[in-house]
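Input: a single structure, listed below in structure tokens.
The values are calculated or read from the model by the stated rules, or taken from the named source; none is laboratory data. Bear in mind the structure is a predicted one, so any value in this text is a computation, not a measurement. Quick reminder, even Gly has a Cβ in these numbers, built from the backbone with ideal geometry, and neighbours come from all protein chains shown.
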């Protein structure tokens, strides 16, 4: 899925989910720092802000990996569709992966 950071959301085009600023005990967001070390965040917004700062700082590929540990977490993240996906492969280490890229378009007059 190709995602426009400003106009899309990680919920498949559905209305923005107000829970993304909140937490769920069974959902984590992983972003590797510039040295490749994983950083774990509890909210989408925290992970997104960190990923954007890395991408704007010059990293070519910055991923946000959504890690879901339970059906309840899958439901919180994506609703019933998420539960179905979780049931298909509950041992999957990454539930969703998003690429964050920042293009410097120079000064705008």
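The table that follows gives values for the structure above.
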| read-out | value |
| --- | --- |
| Residues (within 19 Å of residue 57 (Cβ to Cβ), part of a loop (DSSP other than H, G, I, E, B) and at pLDDT 50 or above) located in the range 1-47 | 33, 34, 35, 36, 37 |
| When residues of the range 64-73 are limited to those that are in contact (Cβ under 8 Å) with a residue 24 or more places away in the chain and assigned to a helix (DSSP H, G or I), the one nearest to residue 49 (Cα to Cα) | 73 |
| Selection status of residue 86, under 11 Å from residue 30 (Cα atoms) and assigned to a helix (DSSP H, G or I) | no |
| Residues that are part of a loop (DSSP other than H, G, I, E, B), in contact with a helix residue (DSSP H, G or I) (Cβ under 9 Å, 6 or more places away or on another chain) and either under 14 Å from residue 78 (Cα atoms) or free of Cβ contacts under 8 Å to residues at least 40 places away in the same chain (or both), drawn from the range 92-102 | 92, 95 |
